[in-house]
Amino acid sequence: MVLSSCKQKEEINLTTLLKEMVNREQLTRFPENGYQSLQASSYNRRSVSPEKPGWFADSDGTGFIRTEMKNGQKEWVLMEEEGHGVITRIWTPAFYYSLNDTIGANIKFYLDGDSIPAINTNFIDLVTGKAFVKPPFAEYTARAGNLYFPVPFEESCKITMDNRSFYNIINYRRYPQGTNIRTFTMEEFREVTPLREKVGKQLIQPPLARGKVIRQQKLLKESDTLHVDLPSGNKAIKKVEIKLHHAENLPQSLRSTILIGHFDGEQTIWAPVGDFFNNVDKIQPYDMWEREVTEEGAMISRWIMPYRQSGAITLKNLWQEPVEASIEVLTDDFLWTDQTMHFYATWRMDSPRPTFPLYDWNFLEAEGKGIVVGDQWTVLNPREGWWGEGDEKIYIDGDFEENFPSHFGTGTEDYYGWAGGVVPTPADQFDKPFVGNIIVGEPRSMGYNVCTRTRVLDAIPFRERIRFDFEASCGTRQSWHYLQYSQTTFWYGKPGVTHNRKPLPGMASKTLPTLEDLQKIVEEAKGEQYIVEGALEAETRPIINKTEAVQENFADIPVWGEVSGGALKNLWFEKKEDYAELEISEKFQKAELRMCATVGKNCGEFDIYLNGRLKASEDFYANHSGVTNPLIDFGELEPVNNAYQLKFVFKGASGQAQPVKGKYALGIDYFILK
């Protein structure tokens, strides 16, 4: 009965998907066709669990599923899906292993098991609009490109490269069995040319919304509000336009003037107007599909915000100085159904935090039914240099049981549609329909930086629960290097949904952090040595036994970041089965033991024994040097003769590892006993 019902539904094809791309109303309804949002990427396969080393592994540009031979040629499989689906977005840099190589490899789409690819073209050309898909569906940004043209498939999809895998992200939908989908063909691509052209124009010049306009303007003193009650009944906001006409301190007013939305008795919007509109610290004009800031400073939202009975939009000034503000709200009739959702905008800001040790920074956690449709991230960077190495990790529904996200990215700039390779400057600012690098600090990313992304075909539905994390990681990994984060997530939720982002008036009413404020924090922190609380420093542990060839302090072990206490237990191994033993003595009760070790190009593979029992086998090779994060967890152990003896047996090294005069490193930073 279920399958028969699915098959009778409207066919999903290029026409329906292109129309969906510009149908704002459809985004307000929970997807009846039950699709899941998934992602394939080149993330580092050393990341296997939040509880295991490698969770924050860099070098996210070379991962792939496997290699296979096709017509005598080796191909790298990037994405593979059995069943019904649609490719919704593909990203890759506009260079290949070198900024000088702008040609790279070909990408191939094998659909429905066909041995002949439906698409076979240059990868870089495809995402930058130089192949058969043109802007705005495929477009160059900053050293990268994004393909947003949908590629549906009925039975299966396999995407490969004809040369080594390089940084890539592929977003796609998985539909339930029995969904009626027409597989992409070049013939149909040509047939929908008039519709492609129409939708392309709409993405660049969004149609004007129509309805009833309510406009108010007021001088807001501290704690004053500008309140707009909306027409009652089944209605929806189609457009909101806000302008700060006069403010003594405009950067501060952008942070301390709050946009608040109430719909059907629930507060669903609470965010500073500057953060909501990607304008932190200054007015920066741009024009995207759902938000725009004009040269005159008008801040425009085109997200539809439905309500069943009642709604209100409010501006509130939390700053001590007055600001003159206006708001214009356009509403119209709207049919509320069982699938209709309220619009949410939730905001987070923390005090400055050090960039080391690495950690996952949460955007949003919600329970119930909803769909994530966008986000923006603001980072205050105290120095010249790259501020964003972190990957997105998005857990949806069943991912929580697997303890692994179905969206695991390759880097902050990659998620927002551009690429690194050099330290960004304001020349890298751009605004496209769905991605934007709106503000880049100057010089070389010092100061405020704002990135944003909108999701339509690549929106993320959740039926029970979602957690959206981003690695807090940057090019400078030191305990004294602080960054200041603030962030807004845009999403729809069905009535009854709950989330973890409560209003933060205390944060929004603070003096807007300045570059000088953050630099002062950094300078003060530089005088403090990084020491992990409760750590047993490995360098203080004696070697109680070793084979002759094992040497201590044979060479430096490079570390990207800091080590606790400023030193390591620095050991070097040459022959397989060589070993070294350390002891943690004077222990009289059962405890949990964890260890922090280094990873890097010179590091080897080791079996680790605790009191004579094999507890772990670890390969410490990594393309980027660093430390294990999370720690290696040996579990709960009983001491033997009031001690824990650790034996490290050298088992060899990865084929990519680079020995120093024939020797491989083992660097141990510290142990934690609980």
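The values are calculated or read from the model by the stated rules, or taken from the named source; none is laboratory data. Just so you know, these numbers come straight off a predicted model, no measurement behind them. So basically every Cβ, Gly included, is an ideal-geometry build from the backbone, and we count neighbours across all protein chains shown. We work out accessible area using only protein heavy atoms, side chains counted, and drop any ligands, DNA or RNA first. Shrake-Rupley method; radii C 1.70, N 1.55, O 1.52, S 1.80 Å.
Would you say Gln484 is among the polar types (S, T, N, Q), within 25 Å of Ile394 (Cα to Cα) and in contact (Cβ under 8 Å) with a residue 24 or more places away in the chain?
Values: among the polar types (S, T, N, Q): yes; within 25 Å of Ile394 (Cα to Cα): yes; in contact (Cβ under 8 Å) with a residue 24 or more places away in the chain: yes.
When the stated conditions are applied, Gln484 passes them.
For region 1-107, the strands (runs of 3 or more DSSP E) that sit wholly inside it and include 1 or more residues that are open to solvent by 50 Å² or more (accessible area, probe 1.4 Å) and over 23 Å from Asp458 (Cα atoms) are 66-70, 73-82. Assigned to a loop (DSSP other than H, G, I, E, B), touching a residue at least 40 places away in the same chain (Cβ under 8 Å) and within 16 Å of Pro272 (Cα to Cα): is that true of Gln309 in this structure? It is false that Gln309 is assigned to a loop (DSSP other than H, G, I, E, B), touching a residue at least 40 places away in the same chain (Cβ under 8 Å) and within 16 Å of Pro272 (Cα to Cα). The residues on offer are Thr378, Thr355, and the sole one that is hydroxyl-bearing (Ser, Thr, Tyr), at pLDDT below 95 and surrounded by 20 or more Cβ atoms within 10 Å (Cβ to Cβ) is Thr355.
For region 300-324, the tally of residues that are touching a Ser or Thr at 6+ places or on another chain (Cβ under 9 Å), under 17 Å from Lys243 (Cβ atoms) and of a type in the set (Lys, Arg) stands at 1.
Would you pick out the residues in region 231-276 that are within 35 Å of the chain's Cα centre (by Cα) and in a loop (DSSP other than H, G, I, E, B)? Reasoning before the result, please.
Going through region 231-276, the residues within 35 Å of the chain's Cα centre (by Cα) turn out to be 235-245, 247, 249-276.
The answer is Asn249, Asp264, Gly265.
Scanning region 503-558 for residues that are at pLDDT below 95, β-branched (Val, Ile, Thr) and touching a Ser or Thr at 6+ places or on another chain (Cβ under 6 Å) yields Ile531, Val532. Could you check region 536-560 and list, in sequence order, the residues that are over 30 Å from Asn381 (Cα atoms), part of a loop (DSSP other than H, G, I, E, B) and open to solvent by less than 60 Å² (accessible area, probe 1.4 Å)? Hits for region 536-560 are Arg541, Thr547, Ala549, Val550, Ala555.
Taking region 392-509 and the helices (runs of 4 or more DSSP H) fully enclosed by it, the elements with 1 or more residues that are open to solvent by 40 Å² or more (accessible area, probe 1.4 Å) and either over 18 Å from Asn278 (Cβ atoms) or in contact with a Pro (Cβ under 7 Å, 6 or more places away or on another chain) (or both) are at 399-402, 505-508.
Looking at region 630-642 only, could you name the residues that are touching a strand residue (DSSP E or B) at 6+ places or on another chain (Cβ under 8 Å) and surrounded by fewer than 18 Cβ atoms within 10 Å (Cβ to Cβ)? Within region 630-642, Asp633, Gly635, Glu636, Leu637, Asn642 qualify. Being part of a strand (DSSP E or B), under 23 Å from Ile439 (Cβ atoms), among the β-branched types (Val, Ile, Thr) and open to solvent by 10 Å² or more (accessible area, probe 1.4 Å) is a property that does not hold for Ile283.
Residue under question is Ala580, and the condition is that it be in contact with a Gly (Cβ under 7 Å, 6 or more places away or on another chain), buried (at least 21 other Cβ atoms within 10 Å of the Cβ), outside any loop (DSSP other than H, G, I, E, B) and in contact (Cβ under 8 Å) with a residue 12 or more places away in the chain; does it hold? Let's see the steps before the verdict.
On the way: in contact with a Gly (Cβ under 7 Å, 6 or more places away or on another chain): no; buried (at least 21 other Cβ atoms within 10 Å of the Cβ): yes; outside any loop (DSSP other than H, G, I, E, B): yes; in contact (Cβ under 8 Å) with a residue 12 or more places away in the chain: yes.
For Ala580, the condition - in contact with a Gly (Cβ under 7 Å, 6 or more places away or on another chain), buried (at least 21 other Cβ atoms within 10 Å of the Cβ), outside any loop (DSSP other than H, G, I, E, B) and in contact (Cβ under 8 Å) with a residue 12 or more places away in the chain - is not met.
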